[in-house]
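The structure is given below, and queries will be raised subsequently.
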Amino acid sequence: MSHQEQQQVPRLKGDKFKVVIVGAGLGGLATAMAMAYAGYEVIVYEKIRKFLRLGDSLGVGENALRLLTRWGCRDKLVAIGNKSPIMSIRRWDTGEIIANQRLMDMAGYIGHRGDYHQAFFDRVEELGVPIHMGTPVVAYNEDDPSVTLADGTVVHADIIIGADGIKSQCRELVLGYEDKPLSSGYACYRAYCEGSRIRQDPHSKVLVERDAMNIWIGKDLHIVQNTCKDGEEFNWIITHLDTEDIDENWQQPGKVEDAVALVKDWDPTIVNAMALTPSCLDWKIVYRQPLPTWVSKSGKICLIGDSAHPHLPTSAQGASQATEDGACLAICLELAGKGNVRLATLTYERLRYARVLKTQKTGEDTRRRWHTALRDLDAGKAVDPESVKMQNDWVYALDAEADTRARFHAASEQIKKELAENGDKPVLPASLLGDDRYEIPTISPERRDEIAAIVEEHVKDMEKVLPLYRGVVRDGNGEITGRVGIPVAASA
Ligand SMILES: Cc1cc2nc3c(=O)[nH]c(=O)nc-3n(C[C@H](O)[C@H](O)[C@H](O)COP(=O)(O)OP(=O)(O)OC[C@H]3O[C@@H](n4cnc5c(N)ncnc54)[C@H](O)[C@@H]3O)c2cc1C
């Protein structure tokens, strides 16, 4: 990471704020860390009794890692992530590399979601924050801010934070209506398995010889392949046009053969690996319109993370934006002061809203570019490598804590003025945004060259140890005669 951050010492617990967090996903736990470091009394309720190692690959971007470093869990998180310095974006059929990109610029530290979740969980416990597992929140009261637990216990707090994920119940309270998901037109098959399975295939074993990340792009489809633990664990995700109406569920089983059938004529290096995985999940990618607000009428209940703004996997920012939310909200509470929770939550929303719309949009933008890039090739034109790269460099630059401190005063004064002018009714954040609300900041040519030079160095270094897999070579009948630069016999 560009700025070397130091772990900070949590402040002494004071009686400043009592904070209830509903949901102990990555967002709720990151927020618990932020609140504990700010010196607030925090309590977390989670409906699941015991977390299993669920999910597969997830990115923790440098923007989130900067905050998590201050909150004391950098080393554990960095140790979990994929160690490859680069990722390769490839043609669907030959696997030929179209572009190499720094892995960090793509998605940050990519590791198993379950491992990251455990590391967050451990840190929150170390900080002395109680996490009540198997304790669903069943009702909210926003006037006398409190939650009701399944056994009827009512817990009061200064602020209630709904970190309860994509199917958030808290969101309904905040909005006053049920926000139904819309079909995005896409779904993913996702699988995770031991790398030793993949070593059985002579074509695919190159993918687990060391940590690697590759993306194969084709018409309306892409496959992401990731490893962890130096190739001991292997993961693939195929994003495809969605024809079935399956539930929005991270645990819906799918059929590996259905996933393989979608890509049977693709590069066998990845297709054979997919066929060797024992099971997969079928995850429908739903779309939600940006919410009009993340803050309840009284301002004492607010949303963070997926309950406020789910991200597409191609943005690689879901967990990172939830972490930024926690950091921003903790500082808004501090700067607004006790008795001003509503001003704090409205300012948090104002400071975060525009940025989050853009990070959400990066996911759609990347997917569109990957799924259409090869049209140029089919039309006889070369593909510009820059056109298929993820463009997350701008996202990583933000220090959400420093940014909140810098912008809080102006934003909160503006909100006070609006409340006074509008009969205490807040102005909705979306109504303040211009036509460029989704415009993704571009990377400067200088920075692009700088990054390209770093990538080239990484490729050279990697090749000293093991040649980079560059794609397959086929004869006139479509039969594979070798890999680019490596005859089949030598690679088998
Ligand atoms: C099982 C699972 C697997 C995932 N796998 C991946 C993956 O492989 N890759 C990826 O990029 N992203 C994955 N995600 C999503 C990713 O974790 C989130 O996008 C991101 O971390 C932000 O999380 P969040 O904390 O806002 O929401 P979530 O991670 O969804 O956490 C919400 C938490 O709130 C709890 N909760 C809900 N309602 C209540 C209630 N009434 N009372 C108490 N607790 C409640 C839920 O049990 C859950 O633990 C997964 C999410 C889940 C839940």
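Please pick out the residue among A452, A373, A382 that is loosely packed, with under 11 Cβ neighbours inside 10 Å and either touching a Phe, Trp or Tyr at 6+ places or on another chain (Cβ under 8 Å) or among the small types (G, A, S) (or both).
Numbers: A452 fails: loosely packed, with under 11 Cβ neighbours inside 10 Å; A373 fails: loosely packed, with under 11 Cβ neighbours inside 10 Å.
On inspection, the qualifying residue turns out to be A382.
Please identify the pairs in which a residue from the range 284-311 that is closer than 19 Å to K180 by Cβ has its Cβ atom under 9 Å from the Cβ atom of a residue that is aromatic (F, W, Y) and part of a loop (DSSP other than H, G, I, E, B), counting only partners at least 6 apart or on another chain.
Short answer, once both residue conditions are applied: L303/W294; S307/W294; A308/W294; H309/W294.
Right, another one. Can you tell which of S307, S320, S315 is surrounded by 21 or more Cβ atoms within 10 Å (Cβ to Cβ), at pLDDT 95 or above, within 15 Å of the ligand (Cβ to nearest atom) and within 30 Å of G218 (Cβ to Cβ)? Working first, answer last.
On the way: S307 fails: within 30 Å of G218 (Cβ to Cβ); S315 fails: at pLDDT 95 or above.
Going through S307, S320, S315 in turn, the sole match is S320.
OK, next. Residue check: is T362 free of Cβ contacts under 8 Å to residues at least 60 places away in the same chain and within 21 Å of A187 (Cα to Cα)?
When the stated conditions are applied, T362 does not pass them.
Suppose we filter the range 194-221 for residues that are under 15 Å from P467 (Cβ atoms) and small (G, A, S); how many remain?
Count: 1.
Among the residues of the range 105-134, what is the count of those that are without any contact (Cβ under 8 Å) to a residue 60 or more places away in the chain and not hydroxyl-bearing (S, T, Y)? First the steps, then the outcome.
Restricting attention to the range 105-134, the residues satisfying the condition of being without any contact (Cβ under 8 Å) to a residue 60 or more places away in the chain are 109, 119, 122, 125-126.
Imposing the further condition that a residue be not hydroxyl-bearing (S, T, Y) reduces the set to 119, 122, 125-126.
Count: 4.
For the range 35-44, how many residues meet the condition of being within 13 Å of the ligand (Cβ to nearest atom) and buried (at least 24 other Cβ atoms within 10 Å of the Cβ)?
Going through the range 35-44 one residue at a time, the tally reaches 1.
What number goes with the only condition from (1) touching a residue at least 60 places away in the same chain (Cβ under 8 Å); (2) more than 14 Å from the ligand (Cβ to nearest atom); (3) on the phi > 0 side of the Ramachandran plot that G337 does not pass?
(1)
Just to be sure, is I237 over 25 Å from G111 (Cβ atoms) and either outside any loop (DSSP other than H, G, I, E, B) or modelled with pLDDT under 95 (or both)? Please lay out each step first, then the result.
Values: over 25 Å from G111 (Cβ atoms): no; either outside any loop (DSSP other than H, G, I, E, B) or modelled with pLDDT under 95 (or both): yes.
When the stated conditions are applied, I237 does not pass them.
Exactly one condition in (1) in a loop (DSSP other than H, G, I, E, B); (2) surrounded by fewer than 15 Cβ atoms within 10 Å (Cβ to Cβ); (3) modelled with pLDDT of 90 or more is not met by K180; state its number.
That leaves (3) as the condition not met.
For residues in the range 161-173 being more than 19 Å from H311 (Cβ to Cβ) and part of a helix (DSSP H, G or I), which is nearest to the chain's Cα centre (by Cα)? Full working, then the answer.
Step one: list which residues in the range 161-173 are more than 19 Å from H311 (Cβ to Cβ), which gives 169, 172-173.
Then keep just the ones that are part of a helix (DSSP H, G or I); that gives 172-173.
Numbers: E172: 23, L173: 25 Å.
Going through the qualifying residues, I end up with E172.
Continuing with this model, one more query. Scan R53, R49 and give me the residue that is surrounded by fewer than 18 Cβ atoms within 10 Å (Cβ to Cβ), at pLDDT 95 or above and among the charged types (D, E, K, R).
R49
What's the number of the condition H409 fails, among (1) of a type outside the set (S, T, Y); (2) surrounded by fewer than 19 Cβ atoms within 10 Å (Cβ to Cβ); (3) not in a helix (DSSP H, G or I)?
(3)
Moving to a separate point now. Looking at R375, is it at pLDDT below 90 and closer than 18 Å to R288 by Cα?
Numbers: at pLDDT below 90: yes; closer than 18 Å to R288 by Cα: no.
For R375, the condition - at pLDDT below 90 and closer than 18 Å to R288 by Cα - is not met.
Could you please find all residues in the range 286-318 being under 12 Å from Q360 (Cα atoms) and assigned to a helix (DSSP H, G or I)? Reasoning before the result, please.
So the first thing to find is which residues in the range 286-318 are under 12 Å from Q360 (Cα atoms), and the list is 287-290, 305-306, 308-318.
Of everything in the range 286-318, those that are under 12 Å from Q360 (Cα atoms) and assigned to a helix (DSSP H, G or I) turn out to be G305, D306, P313, T314, S315, G318.
T277: at pLDDT 95 or above and surrounded by fewer than 24 Cβ atoms within 10 Å (Cβ to Cβ), yes or no?
Working: at pLDDT 95 or above: yes; surrounded by fewer than 24 Cβ atoms within 10 Å (Cβ to Cβ): yes.
So T277 passes the test.
So, in the range 13-34, of the ones that are more than 8 Å from the ligand (Cβ to nearest atom) and in a strand (DSSP E or B), which residue ends up surrounded by the most Cβ atoms within 10 Å (Cβ to Cβ)?
Per the criteria, the residue is I21.
Moving to a separate point now. So which of A139, A157 is free of Cβ contacts under 8 Å to residues at least 24 places away in the same chain, small (G, A, S), more than 9 Å from the ligand (Cβ to nearest atom) and on the phi < 0 side of the Ramachandran plot?
Details: A157 fails: free of Cβ contacts under 8 Å to residues at least 24 places away in the same chain.
Unique residue meeting the criteria: A139.
Let me ask something else. I need a count of the residues in the range 343-387 that are assigned to a helix (DSSP H, G or I), among the charged types (D, E, K, R), within 28 Å of the chain's Cα centre (by Cα) and over 29 Å from V286 (Cβ atoms). Explain how you work it out, then say what you get.
Our first condition is that a residue be assigned to a helix (DSSP H, G or I); within the range 343-387, this holds for 343-372, 374-378, 385-387.
Then keep just the ones that are among the charged types (D, E, K, R); that gives 349-350, 352, 355, 358, 361, 364-365, 367-369, 375-376, 378, 386.
Right, trim to within 28 Å of the chain's Cα centre (by Cα) and you get 349-350, 352, 355, 358, 361, 364-365, 367-369, 386.
Retained after the next criterion (residues that are over 29 Å from V286 (Cβ atoms)): 386.
Final tally of qualifying residues: 1.
Follow-up. Quick one: is S146 buried (at least 16 other Cβ atoms within 10 Å of the Cβ), modelled with pLDDT under 95 and of a type in the set (S, T, N, Q)? First the steps, then the outcome.
Working: buried (at least 16 other Cβ atoms within 10 Å of the Cβ): yes; modelled with pLDDT under 95: no; of a type in the set (S, T, N, Q): yes.
It is false that S146 is buried (at least 16 other Cβ atoms within 10 Å of the Cβ), modelled with pLDDT under 95 and of a type in the set (S, T, N, Q).
Given the structure, is W370 away from the ligand (no atom under 14 Å from the Cβ) and touching a His at 6+ places or on another chain (Cβ under 8 Å)?
yes
In the range 98-128, which residues are of a type in the set (A, V, I, L, M, F, W, C) and either over 25 Å from the mean Cα position of the chain (by Cα) or within 15 Å of the ligand (Cβ to nearest atom) (or both)? Even if it seems obvious, please write down each step before you answer.
The initial filter retains those residues of the range 98-128 that are of a type in the set (A, V, I, L, M, F, W, C), namely 98-99, 103-104, 106-107, 110, 119-121, 124, 127.
Those that are of a type in the set (A, V, I, L, M, F, W, C) and either over 25 Å from the mean Cα position of the chain (by Cα) or within 15 Å of the ligand (Cβ to nearest atom) (or both): M106, A107, I110, A119, F120, F121, V124.
Is it fair to say G165 is out of contact with any strand residue (DSSP E or B) (no Cβ under 8 Å at 6 or more places or on another chain), surrounded by 13 or more Cβ atoms within 10 Å (Cβ to Cβ) and not hydrophobic (A, V, I, L, M, F, W, C)? It would help to see each step written out before you state the result.
Details: out of contact with any strand residue (DSSP E or B) (no Cβ under 8 Å at 6 or more places or on another chain): yes; surrounded by 13 or more Cβ atoms within 10 Å (Cβ to Cβ): yes; not hydrophobic (A, V, I, L, M, F, W, C): yes.
So G165 passes the test.
The values are calculated or read from the model by the stated rules, or taken from the named source; none is laboratory data. It should be emphasised that the depicted structure is a prediction, and the values quoted were computed from it without experimental measurement. Heads up, the Cβs are rebuilt from the backbone with ideal geometry, glycines too, and the neighbour counts pull from every protein chain shown.
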